[in-house]
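Remarks on the structure that follows.
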Amino acid sequence: MRDARPSAIYLKDYRPPAFLIQRTRLAFDLYEDHALVAATLHIRRNPAAEPGEALVLHGQELELLSIALDGRELAGQEYSLTDDTLQVASVPDQFTLTTRTRIRPQDNTSLEGLYKSRTMFCTQCEAEGFRKITYYLDRPDVMAEFEVSVEADRARYPVLLSNGNLVGSEVLDNGRHRADWHDPFPKPAYLFALVAGDLRSVEDSFTTCGGREVNLRIFVEEKDLDKCDHAMLSLKKSMRWDEEVYGREYDLDIFNIVAVDDFNMGAMENKSLNIFNSSCVLCSPATTTDKGFQTVEAIVAHEYFHNWSGNRVTCRDWFQLSLKEGFTVFRDAEFSADMGSRTVKRVEDATVMRTAQFAEDAGPMAHPIRPDSFIEISNFYTLTVYEKGAEVVRMIHTLLAAEAFRKGSDLYFERHDGQAVTCEDFVVAMEDASGVDLGQFRRWYSQAGTPVLSVNGEYDADAERYRLHVRQSCPPTPGQADKQPLLIPLAMGLLGDAGNLPLQLAGQAPDPETGDNTHLVLRVTEAEQTFVFEDVREPPVPSLLRGFSAPVRLEYAYSRGELCALMSRDDDGFVRWDAAQQLALSVLEEVEGQILGGDAPVVDPLFLDACTVLLEDASLDPAMVAEMLRLPGEGYMAELAARRGGARVESIHLAREAVLKALAEHAENAWLDTYRRNVVSEPYAPEATQVAARSLRNLSLEYLALARPEHIALARAQFASAGNMTDQLAALRVISQRGSDAQRDEALDSFYRQWQSETLVVNQWLQVQAAVPGEQALARVRGLLEHAAFDLRNPNKVRALVGGFANGNPLQFHRADGGGYGFLGEIIEALNIRNPQIASRLLTPLTRWRNYAGEQGVKMRAELERLAALPDLSPDVFEVLSKSLE
Ligand code: PHE
Ligand code: ZN
């Protein structure tokens, strides 16, 4: 049924399509046990392709009912079918192909193509889902104008949506009705969308800078009508921001968002009909945390921004995915920074990079932001393509500066509007508009792995000269043994006793353009390079990688005293945070060493005092204080330990607990004071000041619960009286992590009773339980698989419970008996065919097996081998397994 071994495809094999489709007419007939799709494709030979090729259309899991060429029904021998193609041997240079196919959306559990989510029909076509709807040239460089009609039962599916404008509708006699849609913008099939359901909508409007009145609607199930306001506000903010910052105006009279419960990813930017995972669009203070509100704002913006960076200008092929995703993530990150706290946003993004993306880049699935081969493209919607891709765009922004970058983006949009292009086209537009040579910089697109910058400083007091020696290297990654030096923008300053010192690079005139002479972006281009600063009056502490100016690992042997200096006095918020993290890591590693050596842990008082000073300084931004006092996670510690030879889950855990507890006890009064001081008395709003106060207050609660068991009372009181989900869930976490068994069970039960009708809240409840410590954790999670609130078909629930356990409960996932790995393996096995994308993503923690010392690594590998031996692996799962075991 399935090819024995799925094979890879290569970027170097790209060929232009042999045929183009100018117009695509689709007619859907939706029924309760099947759907009929009639497609009329206006096709012509691509003048840019080699002549004489046969017409080969993509198609999967389709039942072909009829096929006609220019109106003439084709006989059996005139075409041929395989599992995923339809080939017509001889066709003229221009023709119309008409097919009728039957599909079964009700049985589609993969959630790509046309499927049913609860009571509604919806589609997900990116990357290659359209071929599960009809026979087509399902590749992004084939762009067509779509006309779509949807027919369905009128009572069950009163709302019928597709892309573009509604151009007609009709009530039919048999209880059915039909809507006709036309999208004037040619688009690839991956941007097609259809929705049919019993939906309600909230409505608003936006007037563009050019005076266009746009009707905005968010469609949801009736019960969720009260949870759309924040998304609507976010949409309007995004539309304005894209006009102001990028000069991009919206291009149609309507913009629709639909919320669906069953969705593999966060959301999808289908032209004028964005489809969202309900967890990424629905919000209310009672049911959504501050983090949730921020996610919704960011994802609404991200999908909206795709209208230009993705839809108007799209990707030539899927190797270019980062062209639209990296750029759009950069755009949404800047939007979020402008809407809230820029430094906090930068810290959050740097954390994701360093904890999760660096791990990916060091693991068996490592790939450049523009991969050069893949087996299953769904496996490449990764942190590397998205987040590192955004960091690469950010570096271009840094190298060109804002004004030239904007000229570059204007040129890119103007030059390529309506085209399917490559990452190279983007870089060329940036170069052409700015005159900056990005030749060496291009290696960021082709080279995988996280570069390491090893820096040391040398001060010559007599000459008042400071030398900064910089070495760059990049570890080998699969298929790339040797790495070339990159162009790395290294933003920096020099910290003296009384603040930042003026910077004067030897042999270089002071920069007249920036009034600020204490901040510089060094261009690191060589494997080894020295930067010399003149007139340095005192021995400085270098402040490096300000603003996380490049996605690299920075190595500098700071003393703890130097870290304290940076942490309390540097100009750059990111560096202050990073210094706090480095200081914490050095203390954590020291304590882990003590534990492994059989000694009682002793936490350096320098660290404890520095943290207490931060906490007591009421002049600081509470959000930043919270970020600085949140210790690096066990997963990140494991990743770093692996680089030094192998992670030990237990000692990492014990070390982190010991340091947390020491800090909790040392600063108990300060924590208590912070907890009392940061009460928000205004009505809930997800705005920066309130978010900051709640964040620090809830961190205080975590430490207090550790300082003294009696403080659990504070958490219980907060849990009972909280007026918003941020505070209630934070309290529930503390109780379930630190309270007694009885306290935990009581809180969890009462939370479920309170929220059982709110699916998204119930998912949080599942996730909290997945992280509950102790021997019983695995049995608890297994038990929850049977709970009415769980459903293996729903990706959000799988992520919350199964992902929550594998990623959020390290000690129990890595149980010595291997039960955690076996459990994850069972779920992956169950989802392998049913939902390959989710199955494949769940594999991630097991792919890190090489990081773990001793039996754990061995058992993780054994589980991967067991899975690899299963018959009928989906290409998604096969690819990750085979690369992990290589
Ligand atoms: N293109 C979507 C986004 O980033 C993500 C997505 C990919 C959704 C594939 C569904 C399937 O914005
Ligand atoms: Zn995207």
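Of everything in the range 291-317, what is assigned to a strand (DSSP E or B) and either away from ligand 1 (no atom under 14 Å from the Cβ) or surrounded by fewer than 23 Cβ atoms within 10 Å (Cβ to Cβ) (or both)? Give them in sequence order.
Result: Val313, single match.
Among Met637, Met628, which is the only one that is in a helix (DSSP H, G or I) and touching a residue at least 60 places away in the same chain (Cβ under 8 Å)?
The match here is Met628.
Cys283: surrounded by fewer than 24 Cβ atoms within 10 Å (Cβ to Cβ) and either assigned to a strand (DSSP E or B) or not basic (Lys, Arg) (or both), yes or no?
no
How about the range 828-863: which of its residues are surrounded by fewer than 21 Cβ atoms within 10 Å (Cβ to Cβ) and hydrophobic (A, V, I, L, M, F, W, C)?
Ala830, Ile833, Ala853, Val858, Ala862
Anything in the range 272-316 that is out of contact with any Lys or Arg (no Cβ under 7 Å at 6 or more places or on another chain), among the hydrophobic types (A, V, I, L, M, F, W, C), within 14 Å of ligand 2 (Cβ to nearest atom) and over 17 Å from Cys125 (Cα atoms)? List them, or say none.
Cys280, Ala298, Ile299, Val300, Ala301, Val313
Determine which member of the set Ala155, Ala127 is assigned to a loop (DSSP other than H, G, I, E, B) and within 16 Å of ligand 2 (Cβ to nearest atom).
Selected residue: Ala127, the only one of Ala155, Ala127 that is assigned to a loop (DSSP other than H, G, I, E, B) and within 16 Å of ligand 2 (Cβ to nearest atom).
What number of residues in the range 320-350 are within 16 Å of ligand 2 (Cβ to nearest atom) and not basic (Lys, Arg)?
16
Given the criteria of a type outside the set (Lys, Arg), within 16 Å of ligand 1 (Cβ to nearest atom) and within 18 Å of Asp572 (Cβ to Cβ), does Asp349 qualify?
yes
Conditions first: (1) surrounded by 14 or more Cβ atoms within 10 Å (Cβ to Cβ); (2) over 24 Å from Asn698 (Cα atoms); (3) in contact with a Ser or Thr (Cβ under 9 Å, 6 or more places away or on another chain). Leu596 passes all but one, so which condition is the exception?
(1)
Can you find, within the range 261-277, the residue that is farthest from ligand 1 (Cβ to nearest atom) among those that are closer than 23 Å to Val214 by Cα and either in contact with a strand residue (DSSP E or B) (Cβ under 6 Å, 6 or more places away or on another chain) or modelled with pLDDT under 95 (or both)?
Step by step, filter the range 261-277, then rank; the result is Ser272.
Note down all Cβ pairs under 8 Å where the first residue falls in the range 438-461 and is within 13 Å of Ile396 (Cβ to Cβ), the second is surrounded by fewer than 19 Cβ atoms within 10 Å (Cβ to Cβ) and of a type in the set (Val, Ile, Thr), and they're at least six residues apart or on different chains.
If the second residue must be surrounded by fewer than 19 Cβ atoms within 10 Å (Cβ to Cβ) and of a type in the set (Val, Ile, Thr), the pairs left are Gln440/Thr525.
Go through the range 549-603 residue by residue and tally those that are part of a loop (DSSP other than H, G, I, E, B) and aromatic (Phe, Trp, Tyr).
The qualifying residues number 2.
Name the single residue, out of those in the range 358-413 being free of Cβ contacts under 8 Å to residues at least 60 places away in the same chain and part of a loop (DSSP other than H, G, I, E, B), that is farthest from ligand 2 (Cβ to nearest atom).
Checked the range 358-413; the qualifying residue farthest from ligand 2 (Cβ to nearest atom) is Ala401.
Quick check on the range 743-751. Is at least one of its residues surrounded by fewer than 18 Cβ atoms within 10 Å (Cβ to Cβ) and basic (Lys, Arg)?
No, that holds for no residue.
Would you pick out the residues in the range 422-472 that are farther than 19 Å from Arg406 by Cβ, crowded, with 18+ Cβ neighbours inside 10 Å and aliphatic (A, V, I, L, M)?
Ala448, Leu453, Val455, Leu468, Val470 - these are the residues of the range 422-472 that are farther than 19 Å from Arg406 by Cβ, crowded, with 18+ Cβ neighbours inside 10 Å and aliphatic (A, V, I, L, M).
Which of the residues belonging to the range 360-377 are crowded, with 20+ Cβ neighbours inside 10 Å, acidic (Asp, Glu) and under 15 Å from Ala8 (Cβ atoms)?
Matches in the range 360-377: Glu376 only.
Which members of the range 221-263 meet the condition of being within 16 Å of ligand 2 (Cβ to nearest atom) and either out of contact with any Phe, Trp or Tyr (no Cβ under 8 Å at 6 or more places or on another chain) or of a type in the set (Lys, Arg) (or both)?
Ser234, Arg248
For Arg44, all conditions in the list (1) surrounded by 17 or more Cβ atoms within 10 Å (Cβ to Cβ); (2) part of a strand (DSSP E or B); (3) among the basic types (Lys, Arg) hold save one; what is the number of the exception?
Against the list (1) surrounded by 17 or more Cβ atoms within 10 Å (Cβ to Cβ); (2) part of a strand (DSSP E or B); (3) among the basic types (Lys, Arg), Arg44 comes up short only on (1).
Are there any pairs with C-beta distances below 7 angstrom linking a residue in the range 312-338 that is free of Cβ contacts under 8 Å to residues at least 24 places away in the same chain to a residue that is within 13 Å of ligand 1 (Cβ to nearest atom), with the two at least 6 apart or on different chains, and if so which?
Lys324/His306; Lys324/Ser309; Lys324/Gly310; Lys324/Thr314; Lys324/Cys315
Please count how many residues of the range 469-498 are part of a strand (DSSP E or B) and over 25 Å from Pro364 (Cβ atoms).
Counting residues in the range 469-498 that are part of a strand (DSSP E or B) and over 25 Å from Pro364 (Cβ atoms) gives 12.
When the residues of the range 152-201 are narrowed to those that are touching a His at 6+ places or on another chain (Cβ under 6 Å) and touching a residue at least 60 places away in the same chain (Cβ under 8 Å), which ends up nearest to Arg139 (Cα to Cα)?
For the range 152-201, the residue satisfying everything is Gly164.
Name the residues in the range 528-548 that are surrounded by fewer than 19 Cβ atoms within 10 Å (Cβ to Cβ) and either modelled with pLDDT under 95 or part of a strand (DSSP E or B) (or both), would you?
If the condition is that a residue be surrounded by fewer than 19 Cβ atoms within 10 Å (Cβ to Cβ) and either modelled with pLDDT under 95 or part of a strand (DSSP E or B) (or both), then Glu528, Gln529, Thr530, Val532 are the ones that fit.
What residue, of Asp317, Asp349, is under 19 Å from the mean Cα position of the chain (by Cα), more than 16 Å from Trp241 (Cβ to Cβ) and modelled with pLDDT of 95 or more?
None of the others qualify; the one that does is Asp349.
Just to be sure before I move on: is Gly515 crowded, with 17+ Cβ neighbours inside 10 Å and either at pLDDT 95 or above or not aromatic (Phe, Trp, Tyr) (or both) in the structure I sent?
no
The values are calculated or read from the model by the stated rules, or taken from the named source; none is laboratory data. Note that the structure is predicted; figures quoted are calculated from it, not measured. All Cβ positions, glycine included, derive from the backbone under ideal geometry; neighbour counts span all protein chains shown.
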